[in-house]
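Okay, structure first, notes after.
Every number here is computed from the coordinates shown, using simple stated rules; none is lab data. Small disclaimer: the values here were computed from a predicted structure and weren't measured. As a convention, Cβ positions derive from the backbone with ideal geometry for all residues, glycine included, and neighbour counts pool all protein chains shown.
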Amino acid sequence: MASTLFVGATVWAGADCRPHPGWLLVADDRIAAAGMADEPLPEAGNVLDLPGRHVLPGFVDAHEHPSLTAWVPRGTDGIGWPDLPAALAAIRTAAAVDAGSPWLVFWNALPHTWPERRLPTAAELDRVAPDRRVLVSVRDLHRVAVSPAALADLGLVAAAGWRRSDVVRDRRGRPTGELWEHACGAAVARALAQTEEYLGSQQIETALRAELDRRLGYGYTHVHDAYVPPEQHERMVRLAADEAPRLSWAIGSGAGIFAPGAGPAEFPDGRYGAAGREAKLFLDGGERCALRLPLAALGGLAWGAVRESMAVSGWGPLRETIGRRVRFGGGGLELRYLRYDDRTLIDVLAGYAQAGLRVRLHAVGNLAVRQAAQALRTVGLPAGTATVDHLALLDPATVDALAACGAWACYQPGFLASFARTLLAAGIDRYAAVFGGRLLQDAGLRLVLSSDHPGGVLDPLQILRLAVHRRLLDGTVIQPEQAISRADAVRAHTTEAAASLDAPGAGGLAPGQPADLVICDGDPFEPGTAVTQTWIGGRVAWSADG
Ligand SMILES: [Zn+2]
């Protein structure tokens with residue numbers, strides 16, 4: 001039996017992940033024993049002396065999108081574009097270089113940071129890439145800009161069947177090229193399907209393999225892809241046959257990531273890699289979410305939007321606020337972008353429950369979280385089989401309602417790094433808990449941390465630090481009262497994340513558990529600390545020194 005003894009390190013042992021100086025014995029693919037520093041050391045074939053190091057359970061990313069980010073190297077990464085002219089110049093160059101590809105795809109654009117505060121229009125795209133199908137995606141993947149040829153291909157020019165507000169139109173009713181949510185997801189699905197046909201499936205599968213392997217360097221031992229269309233299930237099964245990293249996924253609609261969920265009959269049987277069968281549903285959107293704030297927030301919101309608009313001498317943010325259909329309801333101010341009415345959601349969830357599916361519900365705003373809680377409670381899913389994701393903007397009553405339905409609370413403090421500035425500018429933090437981990441925990445919910453990469457940062461150490469310190473790059477600390485403890489943060493990104501997926505590793509670094517672990521070169525909550533080794537099933541899956 002191959003055995004390795006880890007000594008001299010701080011070990012975040014057991015299901016509760018409490019750090020203490022100690023040792024750990026790995027035999028074959030399992031943890032064989034664990035002890036405190038003053039307990040006698042067992043015999044082992046190998047001894048790894050790790051002074052000053054920390055040994056943690058392997059990180060589990062319960063929600064991210066490797067099957068989308070695998071495409072980024074096949075397109076152009078727009079994350080560095082400083083403004084709209086730079087974006088258009090890059091698109092012109094790409095169109096000239098790649099004359100044959102059925103679609104020109106650009107990822108990770110950050111139009112909020114550009115002086116123009118908007119994506120290119122269809123007409124602008126056609127000028128730099130005449131007659132080509134062009135798709136430019138915003139980093140959070142909830143909004144894209146497409147060219148006239150792409151609109152025609154998607155059948156969006158008439159677009160009677162589409163949710164009207166998802167296709168932005170000019171005063172004469174013609175699509176401007178800007179697509180949100182459902183229409184955005186459909187455009188991405190079509191662009192990727194046609195490009196895959198052109199490139200060949202093998203190339204995409206190889207890219208996805210490399211994308212998953214890249215997670216090992218961050219200390220991830222298990223990656224959960226939060227959306228896979230039914231057509232790609234078999235590919236995921238093949239990829240999951242490789243041990244590193246462990247892989248699992250949720251199945252959503254074949255008509256695009258934001259389309260209404262597939263019927264229970266469309267879900268393949270058997271486990272989905274390392275996790276149970278899971279269905280993915282979107283209850284609201286990204287920026288277009290379902291949110292209720294107290295009336296007092298109106299002043300702050302309007303002022304924030306006006307100030308932003310003046311700063312950029314345009315009316316982008318104000319247009320957005322109005323475009324999100326602000327209205328008065330329930331004694332407050334509502335942005336009401338709900339994808340399901342209550343009855344339909346209950347029926348869909350009941351169907352999934354009957355088919356024995358776990359469910360993952362996207363809910364950004366408190367109104368969407370409230371709808372999730374009510375529907376889950378009505379349907380009565382078995383405890384621990386539902387996860388509510390994001391939980392970006394919360395109030396105590398909504399959190400209590402969620403706690404009553406026994407769902408997992410999966411949130412992404414990594415988003416603080418990208419979204420918090422906008423929320424602070426609009427004054428929303430005064431009226432809602434922003435990624436309020438402590439509020440969720442105090443209500444009795446079990447917490448899960450995840451990246452939602454590419455929407456949020458991928459690095460789990462950065463996510464842990466944001467969950468605990470809540471400090472932005474400029475030093476601003478956002479709602480420090482929502483911080484969770486260090487051990488709770490580690491649990492939420494390791495053992496609890498595994499438990500939420502019905503996956504191996506819920507017991508942490510304890511005898512009998514799979515030997516999935518990470519070695520860090522110091523305290524994981526210190527800013528300079530990095531992962532140096534990732535072990536999966538008792539074997540080194542990745543090492544900083546190659
Ligand atoms: Zn996501």
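Of note:
- Relative contact order (%) - criterion: Cα under 8 Å, at least six apart; region: the chain: 18 percent
- Considering only Cα atoms, the convex hull volume of the chain works out to 148 Å³ per residue.
- DSSP bridge orientation in the stretch 1-120 - percent antiparallel, rounded to nearest 5: 65 percent
- Total formal charge among the other residues, if their Cβ is under 11 angstrom from that of residue 398, Lys/Arg +1 and Asp/Glu -1: 0
- Over every Cα atom in the stretch 68-198, the radius of gyration and the widest Cα-Cα span, Dmax, amount to 13.4, 38 Å.
- With Cα atoms, 0 to 90° folded angle of helix 297-311 axis to the chain main axis: 70 degrees
- Peptides 512-523, 71-82 ordered by packing proxy, namely the average of other Cβ atoms within 10 Å per residue, highest first: 512-523, 71-82.
- The phi-based Karplus calculation (6.51 cos²θ - 1.76 cosθ + 1.60; θ = phi - 60°) puts the 3J(HN,Hα) values of the stretch 470-486 at 6, 9, 7, 4, 7, x, 4, 9, 9, 6, x, 5, 8, 5, 10, 6, 4 Hz, whole numbers, x for Gly and Pro.
- Evaluated over the stretch 29-90, the Cα radius of gyration and Dmax, each in Å: 23.3, 66
- Ranking of 20, 112 by neighbouring Cβ atoms within 10 Å, starting from the fewest: 20, 112.
- When you count the other C-beta atoms within 10 angstrom of each residue and take the mean per peptide, 40-46, 98-104 line up highest first as 98-104, 40-46.
- Angle between the chain longest axis and helix 342-354 axis [Cα atoms, degrees, rounded to 10]: 40 degrees
- Globularity index of the stretch 398-505, i.e. its alpha-carbon radius of gyration over 2.2 N^0.38 Å: 1.03
- Annotation: the residues 4, 494, sorted from fewest to most other C-beta atoms within 10 Å of their own C-beta, follow the order 4, 494.
- Rounded tilt (10° steps) of 460-469 against the dominant C-alpha axis of the chain: 90 degrees
- Counting neighbouring beta carbons within 10 Å and listing from fewest to most, the residues 486, 339 come out as 486, 339.
- Calculated [θ] (222 nm, deg cm²/dmol) that DSSP helices of n ≥ 4 give over the chain, each run adding -39,500 (n - 2.57): -9500 deg cm²/dmol
- Considering only the chain, percent of DSSP beta bridges that pair antiparallel, nearest 5: 55 percent
- Cβ-Cβ FRET estimate between residue 18 and residue 131, R0 fixed at 56 Å, reported to 0.05: 0.35
- Extension gain for the segment residue 1 to residue 93, taken as residue separation times 0.36 nm less the Cα-Cα distance, is 27.4 nm to one decimal.
- Packing-based ranking, highest mean first, of 455-462, 135-142 given that Cβ atoms within 10 Å are counted: 135-142, 455-462
- Between the stretch 460-514 and the stretch 386-431, the Cα center-to-center distance that results, in Å: 16 Å
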